[in-house]
Structure formats: C-alpha cells, structure tokens
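Let me begin by presenting the structure, written as structure tokens, before commenting on it.
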Amino acid sequence: MAAANSGASIISITSFNEWHEGTQIENAIPKTIAGGYQYNDYGSLGPEGYLDLTRKLIERWRDLRGPY
C-alpha cells in the first residue's frame, strides 16, 4: 500500500513464491507435502487473493501517478 501511495514513477515487485517465507503472490491451493509441511490458502481472499490485491494496488498506483 505504501508503494502505491508513494508517488514513485516506477515500482518493482519481486517475489520468488517462497511459501515458507511468506513471500508468495501466486494462486493458493492447500496442500501437504512430504515431511508434513502444509501450504495454506488465503482464507476469505480466495485462491487468487494476493494476485487480485496486487492488481488493485497497481491500478491505484497508476491512477495516482497520472499520465507519463
């Protein structure tokens, strides 16, 4: 949210979809893998929750930034 409101002319989003670090923005489908690690979903946000949120924040940034 801070980046979208910053007035910056460029914003970079970096995500390696590291679920164990909490840095993913990909679709979320609950799954348990060998060793018992469990990947959770995004709850009430739905499986594309962070993708949808990222899209909304980009649109907000674009609206605030105005034309080039």
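Readers should treat all values here as calculations from the given coordinates under stated rules, not as data from a laboratory. Keep in mind the model is a prediction, meaning the values are calculated, not measured. Here Cβ is always computed from backbone atoms with ideal geometry, including for glycine, and neighbour counts include all displayed protein chains.
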Pull up all non-local amide H partners of Tyr39: gap of 5 or more, or a different chain, and H-to-H distance under 5 Å with H placed in the peptide plane.
Lys31, Thr32, Ile33
For Ser6 and Arg60, extending 7 Å from Cα along the Cα-Cβ vector and measuring point to point gives, in nm, a value of 1.4
Tilt, helix 49-65 to longest principal axis of the chain (alpha-carbon atoms), in degrees rounded to tens, equals 10
Amide H partners (placed H, <5 Å) of Ile11, local residues excluded:
none
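The chain: D in µm²/s via Stokes-Einstein (Kirkwood Rh, Cα pairs, 10 °C, 1.306 mPa s)?
Details: Rh = 13.7 Å.
Taking Rh from Cα pairs, D becomes 116 µm²/s.
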Treating the beta-carbon of each Lys and Arg as +1 and of each Asp and Glu as -1, no other charges, what is the dipole magnitude of the range 25-65 about its Cα centre, to the nearest 20 debye?
180
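For every helix of n ≥ 4 consecutive DSSP H residues, a contribution of -39,500 (n - 2.57) applies; sum these over the chain, divide by its total residues, and give [θ] at 222 nm rounded to the nearest 500 deg cm²/dmol.
-8500 deg cm²/dmol
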